[in-house]
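Just so it is clear, none of the values below were taken in a lab; they were calculated from the coordinates. Keep in mind that this is a model prediction, so the values were computed, not measured. Cβ coordinates were reconstructed from backbone atoms using ideal geometry, including for glycine residues, and neighbour counts include every protein chain displayed.
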Amino acid sequence: MKWFDYQAPRNIGEAVEAMTLHPTARPLAGGTDLLVQMRAGRRTPDLIVDIKKIPELNQLHFEPGLGLTLGAAVPCYRIYNDSAVSRAYPSLAEVANIIGGTQIQGRASIGGNLCNAAPSADSIPLLIALGATARITGPSGERTIDVAAFCTAPGVNVLQPGEILVSIQIPPTAGGARYLRFIPRNEMDIAVAGAGVSVTLSNGNIQSAKIALASVAPTPITVDASSLSGAPVNDDTLKKAGELAAAAAKPITDMRGTADYRRHLCAVLTRRALASAIAAAKESK
Amino acid sequence: MERKVHVQTTINGEPAEFLCEPRQSLLECLRDILNLTGTKEGCNDGNCGACTVTMDGRIVTSCLVLGVEAEGAEITTIEGIARGNELHPLQKAFLEEAALQCGICTPGFIVAAKALLDQEPHPTEERIRWWLANNLCRCTGYDKIVKAVQKAAQEVTL
Ligand SMILES: Cc1cc2nc3c(=O)[nH]c(=O)nc-3n(C[C@H](O)[C@H](O)[C@H](O)COP(=O)(O)OP(=O)(O)OC[C@H]3O[C@@H](n4cnc5c(N)ncnc54)[C@H](O)[C@@H]3O)c2cc1C
Ligand code: FES
Ligand code: FES
């Protein structure tokens, strides 16, 4: 690895200042993407800003009426080990539990998964489906944007020079949600396709549904699922959701799978994730 | 300016300090600076688990931790697993069950398995397999490793 300097600021102001003074600086959360990329020469920062010592970035706080504040550096294991968070957002706890293996989950953060902006990132479709927003701080102050608009190209996000992600805010859920992916092994692999779905029910019908997909476009993508609102909960609706997802996908053919296969997977995963989210929504009532 | 960093940490229960470059991984610091060569390098990218150590009670792949991040942390390596001159039940079970051939994966498996047994003395076979999914072995086919962990689990609680 090329030489770099290391700083571990204790507050957001210092972190933003360091990031602003060093245009090539990179924030370090769990390092499970960044250190791999640096070793491969794909990123060559002259400064690493370790953000794990900043209190706001380590917050994990659930408030029933308000939702979840997930600090950008919180490692995955803290999410699934927190019983209140796991109860309120079982789908999020499950995603935290499928990113890498035990060792990776001891370090890797959902914030890092989001900022890394990989098309295959497992947490992003679920965050989009849950209606999550990203709280960002930088040299010109704070801003909040939808996670759905955070990734702009493979490995590229909306953050401007000097900006860092502080936390991910997830609103309270009134229904159910689920993320499903297809990988050739049971764990420790990159998704060929993934589908994150959330749903709320009203009088036994779908009130609203959100669908987002991984690994089938240059960024995680949102599927327009507005036509599902008001639809009855039955197999036809599940099938229609799958068709919407397959139509929205813009997959490529690569060593992990062909474009056709991926489109097919989108339909199957979306159908199953929606069925599972509906079951969760019924249970949570 | 290219300056080494002074790191103060705790390794296997003893205070330790070393000078390293910020770009050196904890794995490199353990092996090349502190001569703790029990921790192995396999892939150097987080996939194989040969470099597993515990850091503040959690298992991590030390190839994906910077040495400078060890400042103020508590690290346990394979060298800290035996109880004095007495092998840990996991180490004995790995020998008795022939859960190793070349042995390069073994330190990582033992450190990872110990962390599981410390928090869950009676894991199911499925739990053991998921917990160890971040540890690869090219030689044994895993069955003997899982059996050794199960055997040690019985002995730890005796
Ligand atoms: C063996 C292995 C298995 C893996 N399995 C999976 C998997 O199953 N699914 C999956 O989705 N991913 C997987 N990954 C990739 C990686 O673990 C995840 O993307 C992880 O969530 C990254 O989080 P991190 O905290 O380690 O991020 P880091 O590596 O610390 O950071 C990632 C990127 O985001 C930037 N960044 C981090 N935090 C901030 C912030 N607060 N503000 C601005 N920028 C920031 C960094 O500069 C860097 O560019 C795997 C990786 C390995 C090594
Ligand atoms: S050497 Fe660290 S995981 Fe393989
Ligand atoms: S014993 Fe050789 S890799 Fe496991």
- Query: Relative to the Cα centre, what is the charge dipole magnitude of the protein assembly as shown, using +1 at the beta carbon of each Lys and Arg, -1 at the beta carbon of each Asp and Glu, and rounding to the nearest 20 debye?
  - Reply: 1060 debye
- Message: I need to check one value: relative contact order of chain B, counting alpha carbon pairs closer than 8 Å and at least 6 residues apart, in percent.
- Response: 23 percent
- Query: Which of the listed residues, B:LEU30, B:LEU64, B:CYS43, is farthest toward the dipole's positive end in the range B:5-80, when Lys, Arg count +1 and Asp, Glu count -1 at the beta-carbon?
  - Reply: B:CYS43
- Item | Cα-based helix-to-principal-axis angle, A:235-248 vs chain A, degrees rounded to 10 | 40 degrees
- What shape does the range A:52-142 have by the C-alpha gyration tensor, where a ≥ b ≥ c are the square roots of the eigenvalues, rounded means a/c under 1.5, and otherwise prolate means a/b greater than b/c and oblate the rest? rounded
- Looking only at lysines whose Cα falls under 24 Å of A:LYS52's and that sit 8 or more positions away or on another chain, we get A:LYS2, B:LYS4
- The size of the Cβ-based charge dipole (Lys, Arg +1; Asp, Glu -1) of the range B:5-80 about the Cα centre, to the nearest 20 debye, is 180 debye
- Item | Theoretical FRET efficiency, 1/(1+(r/R0)^6), r = Cβ-Cβ of B:CYS102 and A:LYS282, R0 56 Å, to 0.05 | 0.60
- Just counting partner chain Cβ atoms within 10 Å, what average do the residues of peptide A:31-41 show around their Cβ? 4
- Task: Assuming a ≥ b ≥ c are the square roots of the Cα gyration tensor eigenvalues, decide whether the protein assembly as shown counts as rounded (a/c under 1.5), prolate (otherwise, with a/b larger than b/c) or oblate.
- Result: oblate
- To the nearest 10 degrees, the tilt of helix A:12-21 (Cα long axis) against the first principal axis of the alpha carbons of chain A is 70 degrees
- Query: Tell me, what is the FRET efficiency for A:SER229 and A:THR258 to the nearest 0.05, using R0 = 35 angstrom and their Cβ-Cβ distance as r?
  - Reply: 0.60
- Message: Projecting each Cα onto the charge dipole of the protein assembly as shown (Lys/Arg +1, Asp/Glu -1 at the beta carbon, about the Cα centre), which of A:ALA153, B:ALA82, A:ALA73 comes out farthest on the positive side?
- Response: A:ALA153
- Query: Taking Cα atoms, how many degrees apart are the long axis of helix A:259-284 and the longest axis of chain A, rounded to 10 and kept between 0 and 90?
  - Reply: 80 degrees
- Ranked output for segments A:270-278, A:17-25, B:42-50, B:9-17 by mean other Cβ atoms within 10 Å, highest leading, reads A:270-278, B:42-50, A:17-25, B:9-17
- Message: Neighbour counts of other C-beta atoms within 10 Å: give me B:TRP130, A:TRP3 arranged from fewest to most.
- Response: A:TRP3, B:TRP130
- For the range A:176-284, what class follows from the C-alpha gyration tensor (a ≥ b ≥ c being the square roots of its eigenvalues): rounded when a/c is under 1.5, otherwise prolate if a/b is larger than b/c, else oblate? prolate
- Query: Simple spin-label model, 7 Å along Cα-to-Cβ: B:TYR142 to B:THR37 in nm?
  - Reply: 3.1 nm
- Message: How big is the dipole moment of the range A:176-284 about its Cα centre under a simple scheme where the beta carbon of each Lys and Arg is +1, that of each Asp and Glu is -1, and everything else is neutral? Debye, nearest 20, please.
- Response: 60 debye
- Query: Each label point is 7 Å from the Cα along the Cα-to-Cβ direction; what then is the distance between the points at B:LEU19 and A:VAL156, in nm?
  - Reply: 4.3 nm
- Efficiency of FRET between B:ASP56 and A:GLN207 - r from beta-carbon atoms, R0 30 angstrom, step 0.05: 0.10
- Note on the structure: A chain fully extended from A:ILE190 to A:THR144 at 0.36 nm per residue, minus the present Cα-Cα distance, gains in nm 13.7 nm
- Task: Averaging sequence separations of C-alpha pairs under 8 Å and six or more residues apart, then dividing by the length of chain A, give the relative contact order as a whole percent.
- Result: 16 percent
- Item | Length-normalised contact order for the range B:91-153 - Cα pairs under 8 Å, 6+ apart - percent | 53 percent
